[in-house]
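Chemist: Sharing a structure, written as C-alpha cells. Questions coming.
The values are calculated or read from the model by the stated rules, or taken from the named source; none is laboratory data. Since the model is a prediction, treat every value here as computed from it, not as a measurement. Quick reminder, even Gly has a Cβ in these numbers, built from the backbone with ideal geometry, and neighbours come from all protein chains shown. Areas reflect the complete protein model, heavy atoms only, side chains present, ligands, DNA and RNA absent. Shrake-Rupley method; radii C 1.70, N 1.55, O 1.52, S 1.80 Å.
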Amino acid sequence: MKHADERPYANPEAAARKLVELAANVEAVQDGRIYIERINAPFLFKLKGIGSEFGVGLKHAIERGWLWKH
C-alpha cells in the first residue's frame, strides 16, 4: 500500500498566499484587474495544484481581503 503524500496547497492559507503571489506577478489589463486564467493555469499546471485547492485558496484570499472578484 502506498501512502499519499501531503499536498502543499491543501491548507487554505498556503493556497491563498500562493495565489496572491501569482497574482502579483501578472500584469493588469484594466483598472488593476487580471484575468483569472492568468493565476489559474500556473496554479493547476505548473504547481500541480488541484481545482478544489484553487477554489478554497481563492475563497480564503477573498475573505481576507487579499484579492477580490469583479
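Chemist: In degrees, nearest 10, range 0 to 90: what is the angle between the Cα axis of helix 12-24 and the longest Cα principal axis of the chain?
Modeler: 40 degrees
Chemist: Right, here's the next one. Spelling out what I want: for every residue of region 58-70, take phi, set θ = phi - 60°, compute 6.51 cos²θ - 1.76 cosθ + 1.60 (Karplus), and round to whole Hz; glycine and proline get x.
Modeler: 5, 4, 5, 5, 5, 4, 7, x, 7, 9, 9, 9, 7
Chemist: Place a +1 charge on the Cβ of each Lys and Arg in the chain and a -1 charge on the Cβ of each Asp and Glu, then give the dipole magnitude about the Cα centre in debye, rounded to the nearest 20.
Modeler: On the way: 11 positive and 9 negative charges, 22 e Å.
Around 100 debye, computed over the chain.
Chemist: Quick check: net charge around HIS70, other residues with Cβ under 12 Å of its Cβ, Lys/Arg +1 and Asp/Glu -1?
Modeler: Surrounding charge for HIS70 is +1.
Chemist: I would also like to ask the following. Let me know the whole percent of all Cα-Cα pairs from the chain that are separated by more than 20 Å. Write down the numbers at each step before the final one.
Modeler: Details: 651 of 2415 pairs.
Here the tail beyond 20 Å accounts for 27 percent of pairs.
Chemist: Tell me the carbon and sulfur percent of the accessible area for the chain, rounded to whole percent, probe radius 1.4 Å. Present the calculation step by step, with values, prior to reporting the outcome.
Modeler: On the way: 2920 of 5470 Å².
Of all accessible area on the chain, carbon and sulfur atoms account for 53 percent.
Chemist: Roll a 1.4 Å probe over the protein chains and send me the accessible area per residue for the chain in Å².
Modeler: Accessible surface, normalised per residue, equals 78 Å².
Chemist: Could you identify which residue out of LEU19, LEU47, LEU58 has the top mean-square fluctuation in a GNM of the chain using Cα springs shorter than 10 Å?
Modeler: LEU47
Chemist: Counting only pairs 8 or more residues apart or on different chains, how many lysine pairs in the chain have their Cα atoms under 18 Å apart?
Modeler: 5
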